[in-house]
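I have a structure I would like to understand better, so I am pasting it below and will then ask my questions one at a time.
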Amino acid sequence: MHSRYDVIIIGAGVVGCMTARWLSRYALKILLIEKSSDVCTGATAANSALIHAGYDAVPGTLKAQMNVKANPMWDRLSEELRFGFARTGAYIVAVGEDEFQKLDIFLDRAGKNGVSAEIISGEKMRKREPNISPEVFGALFVPAGGVCDPWGATIAAAENAVTNGVELRLDTEFQDFLWSEHEPERIVGMKTSQGDFYGRWVINAAGLFADEVMHKAGVRPEFRITPRRGEYFVMDRNQIQIQNVLFPVPNAISKGILVTTTLHGNTLIGPNAENIEDKTGVDVTPEGMDEIWEGGKKLVPGLDRRHIIAVFAGLRPAGNAPCLNLDVDYHHDFVIEIPDQVKGFVNLAGMESPGLTAAPAIAERVVELLQEAGEGLKPKADWDPIRPARPVFRSLSHEEQAALVAKDSRYGRVICRCESVSEGEIVAEIHAPIPATTYDAIKRRTWLGAGRCLGGFDMPRVVDILARELGKDPLGITKKGHGSEFLFRRTKEVG
Amino acid sequence: MAKQLKSQYDVIVVGAGPGGLAAAISAKKNGADDVLMIDRDLELGGILLQCIHNGFGVDTFKEDLPGPSYAQRFIKEAQGVGIDYLLDSMVLDVTSGRKVFVTGTRGGFKELQARAIVIAMGCRERTRAQIGIPGPRPAGVYTAGLAQRWVNVEGYMPGKRFVILGSGDIGMIMARRLTFEGAKVERVLEVMPYLTGLSRNYVQCLMDFDIPLQLRHTVKRIIGKDRVKAVEAVQVDDRWRPVPGTGEMIPCDTLLLSVGLIPENELSQKAGVILDPMTNGPFVDDGFATNIPGVFAAGNVVHVYDLVDWVTKTGLTAGRRAAMFAQGHCNENPVFVPTAAGENIRYVVPHRIDPETLTQDTIMLQMRVTQPMEEAVLVRVTDGDTLIAKKRERYVRPGEMVSLKLRERDYDSVRHAKELRVSVAPL
Ligand SMILES: Cc1cc2nc3c(=O)[nH]c(=O)nc-3n(C[C@H](O)[C@H](O)[C@H](O)COP(=O)(O)OP(=O)(O)OC[C@H]3O[C@@H](n4cnc5c(N)ncnc54)[C@H](O)[C@@H]3O)c2cc1C
Ligand SMILES: Cc1cc2nc3c(=O)[nH]c(=O)nc-3n(C[C@H](O)[C@H](O)[C@H](O)COP(=O)(O)OP(=O)(O)OC[C@H]3O[C@@H](n4cnc5c(N)ncnc54)[C@H](O)[C@@H]3O)c2cc1C
């Protein structure tokens, strides 16, 4: 028996999930497939979490257009989907006079992109961020910059899509397209690791693998994605707190090594930018760690290596698509298109930074593209834009905590000592519309294990809770899906 | 168990390991009527419950006990003298006004007031991030204490083939334990040129089981995306940099880290307790009083002890002083004599001594050295040119705490001293 859909989306990163959520308001039968055991495990899982204002995107590119369009969407989006977002503003910090001169370039770019920005003095910068280097000469302040919880945003978008009727299939890998037997160059579905699925439209949102997917469709054979690694340090928030988003003056390749604060109050340092071969190579390296440390120290000299609590790396899906606007000499633009060569295919690729920021605008653009292609998208009367929030123990006042525990005692048992995540929260995520079934899935939803002990305290407890709630043997509980089991056997079973 | 939780206590003890147990018992015996112990675990005893090996209590009981038996003696005594306790309950907040906020499934969320508080939260283990091991983040990288809990408390094996990084005690003890359970421990790697744990553990846990220890070696890289597949070991030079050409791939499925403990003082900081960056524990006086009036510290929360007997002693002192404070007996404006770390001494605990209370408890100066000295040495306490106390040791090693007891005959010079500087030098 073959399932038939109107739309099949490949990839549950922020782009795929936002697209699913945007399309879920229309009367369409939608399938979202993801090869991992959870949503939000690709590029979206490890990045700087910034909602860029758009001051540095090259004017005239699709990147600039999507960035600037998306930035103001995040306030409403975060209210509807109830995830963490704060419009903190951002600073490009000039260390020394030479760098200060360069700020004009970005002030000018910001102006061309229609982003408001102002240059402030070193003194003013130091007043706003006392930990910053005394050698800071001045800064460009961009009020529209923000910080979000990328895990929260992506998972909430996926959940809202699912509650509005989208079908999500995890552990399902796209393998190849199915083509029409009657009409040339028309895609009618796909082969996956879990069988065949038929759909009138297939949307490529495969992140780092978007080039391979489009090549299978015979689109843009010259297009290549290069994984560009960025490494990070997370600092103990009890030891140092940076209040602002601090960029260095950017270089040609990337925005540079920044020092920012996460929504949880931890200082984040990184990323560097290194092109690698392996699309799954999220290693941290000694060279990379030295590089980002040096970069961080340039802006905040008081950083102390003893206060590092986590190290991680992410991969930017850097593409090589030329800007459609021929007047602009730029070769790393986003691809957002319905290509002419094939029918039934929407192609989203080259989603390096600011892909997270741009995702809601990209999703909206997909709606327009489908309409332009003749889809008479009919809004559903019962579409609900709200994803209800679940209680987060640590963000409640003592009175609210008391009330919550009185109502459900499972919220009274703290499982993650550093981030104060309760059993109630974990159980709620295991039974949520998109069930969290692995340790990392729970981590992404609750922030458990993301503190200074890196889960050393909570791990056995979470394995227990997962086993109990899922009705599984603890031996079958994994960190991030099949092959990442925590435990091998019971003791006394030597063999 | 606390039958009926009161809202006010003379002394509240946070943490019911050996430090907290001793403090609670001592507080009760010294006149505090209402004493409450709170622990987030399901049972009293702290980390001892997972330390099922022996080696506990040689000093206190002149017996070589497994951890749980050592704990049991104090648990029985605590129950005997009528101390209330609250288990499965996490203390979320402690204020400088000595309010304690606690949450648990049975007691619910509670705000309690104490006249005096003893913090005894023990310590946590240093992680992979803190030592910056390169590579991806697969399952199978665990701290040694986590593996110990899995094996000894939960009854599961977290791996089949292990490499252990760090020659700390927990790592060595786990090397033996895992071998007993049929696992293969390939090797213990230690970045320093010397052992960081106790020598007796090296003999009993590694040598006796032919588990190789490689000094001046570390893990250069972890291999494996979903689960650890191997680690690359490498030799390091004097500045801890990898020596080129010495890399060696060791196939394994688990990397255990035994790379140090950090006193768990996040709660203390919430109460305004100031920490010594050398120990990561509070600055304390000879009664284990912190800078916050009425807040005392006991056990590993002060600094990492290698023997439980010392932990118990700190608890006895801290508990008694807390009881006195709760009853309004305390020295209002003490003029402290500070201690100081001299030659080859990393730190000294306590940080200051109140000359008025010298006679109340036995006063031990406890030190860790910076460098090992494998020869007879003299540990000296001086005030300028004046020698106040001294002690011989056959050797000193960073992994083994040095203790020096102040005797009654030293008290007079202590009273008049400007500082007590401790140093170690060859005899
Ligand atoms: C170091 C770094 C810093 C960044 N900082 C920022 C920032 O501050 N602000 C910002 O706006 N952007 C930032 N970005 C960019 C941003 O993270 C990405 O643009 C965005 O996450 C891309 O989302 P995506 O959904 O396209 O890709 P992904 O999140 O990678 O999602 C693609 C999904 O497709 C799945 N998939 C792939 N192949 C298949 C298949 N064959 N079958 C089924 N599923 C498949 C993958 O498993 C994956 O889950 C940064 C990126 C990096 C790496
Ligand atoms: C693996 C290992 C092997 C050892 N081997 C030996 C040995 O052979 N011989 C020897 O003499 N010593 C040994 N020791 C040392 C000795 O066990 C410790 O020094 C001692 O247990 C420390 O006692 P403590 O009370 O300070 O801390 P712990 O025993 O760690 O107790 C602290 C307690 O505080 C609780 N707690 C912390 N925070 C909170 C909170 N917020 N709310 C509620 N409760 C909280 C914890 O649950 C815990 O129960 C060993 C230690 C370890 C870890």
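The values are calculated or read from the model by the stated rules, or taken from the named source; none is laboratory data. This one's a predicted model, so the numbers in the text were calculated from it and none came from an experiment. We place every Cβ from the backbone using ideal geometry, glycine too, and count neighbours over all the protein chains shown. Heavy atoms of the whole protein, side chains included, go into the accessibility calculation; ligands, DNA and RNA do not. Shrake-Rupley method; radii C 1.70, N 1.55, O 1.52, S 1.80 Å.
Of all strands (runs of 3 or more DSSP E) completely enclosed by region B:84-174, which ones contain at least 1 residues that are more than 16 Å from ligand 1 (Cβ to nearest atom) and open to solvent by less than 10 Å² (accessible area, probe 1.4 Å)?
Here the list reads B:89-94, B:99-104, B:108-119, B:141-143, B:161-165.
Can you tell which of A:Gly152, A:Gly165 is open to solvent by 10 Å² or more (accessible area, probe 1.4 Å), at pLDDT 95 or above and part of a helix (DSSP H, G or I)?
None of the other options fit; the residue is A:Gly152.
Looking only at residues that are within 26 Å of the chain's Cα centre (by Cα) and small (Gly, Ala, Ser) in region A:334-378, which one is most open to solvent (accessible area, probe 1.4 Å)?
Per the stated criteria, the residue is A:Ser353.
Then there's this: I need a count of the residues in region B:190-218 that are aliphatic (A, V, I, L, M), out of contact with any Lys or Arg (no Cβ under 9 Å at 6 or more places or on another chain) and more than 16 Å from ligand 2 (Cβ to nearest atom).
Total meeting the criteria: 2.
Looking only at region A:400-414, which residues are within 9 Å of chain B (Cβ to nearest Cβ) and not in a helix (DSSP H, G or I)?
A:Arg413, A:Val414
Pull out all pairs, ordered by first then second residue, where Cβ-Cβ is under 7 Å, the residues are six or more apart or on different chains, the first lies in region B:65-81 and is open to solvent by 60 Å² or more (accessible area, probe 1.4 Å), and the second is not hydroxyl-bearing (Ser, Thr, Tyr).
So the pair list comes out as B:Glu77/B:Ile25.
Being open to solvent by less than 10 Å² (accessible area, probe 1.4 Å), within 13 Å of ligand 1 (Cβ to nearest atom) and of a type outside the set (S, T, N, Q) is the requirement here; does A:Glu274 meet it?
So A:Glu274 fails the test.
Ok, one more. Please go through region A:1-23 and pick out each residue that is under 21 Å from A:Ser78 (Cβ atoms) and surrounded by fewer than 23 Cβ atoms within 10 Å (Cβ to Cβ).
A:Trp22, the sole residue that qualifies.
While we're here: Identify all residues within region A:223-239 that are open to solvent by 20 Å² or more (accessible area, probe 1.4 Å) and part of a loop (DSSP other than H, G, I, E, B); write none if there are none.
A:Arg224, A:Arg237, A:Asn238, A:Gln239
Take the residues of region B:19-49 that are within 14 Å of chain A (Cβ to nearest Cβ), within 20 Å of the chain's Cα centre (by Cα) and surrounded by fewer than 20 Cβ atoms within 10 Å (Cβ to Cβ): which is nearest to ligand 2 (Cβ to nearest atom)?
It comes out as B:Asp41.
A further question on this structure: Would you kindly identify the strands (runs of 3 or more DSSP E) lying entirely within region B:185-296 that contain at least 2 residues that are out of contact with any Asp or Glu (no Cβ under 7 Å at 6 or more places or on another chain) and of a type outside the set (Asp, Glu)? Outline the logic, then answer.
Values: elements: B:213-215, B:217-223, B:230-235, B:248-251, B:254-257, B:261-263.
Once the strands (runs of 3 or more DSSP E) in region B:185-296 are filtered for at least 2 residues that are out of contact with any Asp or Glu (no Cβ under 7 Å at 6 or more places or on another chain) and of a type outside the set (Asp, Glu), what remains is B:217-223, B:230-235, B:254-257, B:261-263.
Right, something else. Here is a check on your reading of the model: is A:Pro388 surrounded by fewer than 22 Cβ atoms within 10 Å (Cβ to Cβ) and in contact (Cβ under 8 Å) with a residue 40 or more places away in the chain? Spell out the reasoning first.
Details: surrounded by fewer than 22 Cβ atoms within 10 Å (Cβ to Cβ): yes; in contact (Cβ under 8 Å) with a residue 40 or more places away in the chain: yes.
Yes.
Can you tell me which condition A:Pro286 does not meet? The list is (1) more than 13 Å from chain B (Cβ to nearest Cβ); (2) surrounded by 14 or more Cβ atoms within 10 Å (Cβ to Cβ); (3) more than 23 Å from A:Leu50 (Cβ to Cβ), and all the others hold.
Here A:Pro286 meets the rest and fails (1).
Now for a separate question. Quick check on region A:314-331. Is at least one of its residues within 14 Å of chain B (Cβ to nearest Cβ) and touching a residue at least 60 places away in the same chain (Cβ under 8 Å)?
Yes, there is a match, as at least one residue in region A:314-331 is within 14 Å of chain B (Cβ to nearest Cβ) and touching a residue at least 60 places away in the same chain (Cβ under 8 Å).
Say whether the condition of being part of a loop (DSSP other than H, G, I, E, B) and out of contact with any Lys or Arg (no Cβ under 8 Å at 6 or more places or on another chain) is met by at least one residue in region A:197-211.
yes
Of these, B:Pro18, B:Pro66, which one is of a type outside the set (Gly, Ala, Ser) and under 20 Å from B:Arg177 (Cβ atoms)?
Going through B:Pro18, B:Pro66 in turn, just one is of a type outside the set (Gly, Ala, Ser) and under 20 Å from B:Arg177 (Cβ atoms): B:Pro66.
Considering region B:359-376 alone, what residues qualify as being buried (at least 19 other Cβ atoms within 10 Å of the Cβ) and under 15 Å from B:Arg415 (Cβ atoms)?
Within region B:359-376, just B:Ile363 meets the criteria.
How many residues does region B:377-410 contain that are over 13 Å from B:Leu365 (Cβ atoms) and open to solvent by less than 20 Å² (accessible area, probe 1.4 Å)?
Adding up the residues that qualify gives 3.
With A:Gly471, A:Gly483, A:Gly456, A:Gly449 as the choices, which residue is within 7 Å of another protein chain (Cβ to nearest Cβ) and at positive phi?
Going through A:Gly471, A:Gly483, A:Gly456, A:Gly449 in turn, the sole match is A:Gly483.
Which condition does A:Val463 not pass, out of (1) closer than 22 Å to A:Val39 by Cβ; (2) more than 9 Å from chain B (Cβ to nearest Cβ), if it passes all the others?
For A:Val463, the failing item is (2).
Here is a check on your reading of the model: is A:Gly42 assigned by TED's automatic domain parsing to the domain that holds A:Asp329 and within 25 Å of the chain's Cα centre (by Cα)?
Spelling it out, A:Gly42 is indeed assigned by TED's automatic domain parsing to the domain that holds A:Asp329 and within 25 Å of the chain's Cα centre (by Cα).
Please pick out the residue among A:Leu326, A:Leu258 that is open to solvent by less than 30 Å² (accessible area, probe 1.4 Å) and not small (Gly, Ala, Ser).
Among A:Leu326, A:Leu258, only A:Leu258 is open to solvent by less than 30 Å² (accessible area, probe 1.4 Å) and not small (Gly, Ala, Ser).
Can you tell me how many residues in region A:176-211 are buried (at least 22 other Cβ atoms within 10 Å of the Cβ) and of a type in the set (S, T, N, Q)?
1
Among the residues of region B:115-126 satisfying the criterion of being touching a Lys or Arg at 6+ places or on another chain (Cβ under 8 Å) and within 14 Å of ligand 2 (Cβ to nearest atom), which is farthest from B:Ala27 (Cα to Cα)?
Among residues in region B:115-126 that are touching a Lys or Arg at 6+ places or on another chain (Cβ under 8 Å) and within 14 Å of ligand 2 (Cβ to nearest atom), the one farthest from B:Ala27 (Cα to Cα) is B:Arg124.
Here is a further query. Kindly establish whether B:Gly260 is at positive phi and free of Cβ contacts under 8 Å to residues at least 24 places away in the same chain.
Values: at positive phi: yes; free of Cβ contacts under 8 Å to residues at least 24 places away in the same chain: no.
No: the conditions fail for B:Gly260.
So which strands (runs of 3 or more DSSP E) stay within region B:357-423 end to end and still have 3 or more residues that are within 20 Å of the chain's Cα centre (by Cα)?
Filter on region B:357-423 gives B:363-369, B:402-406.
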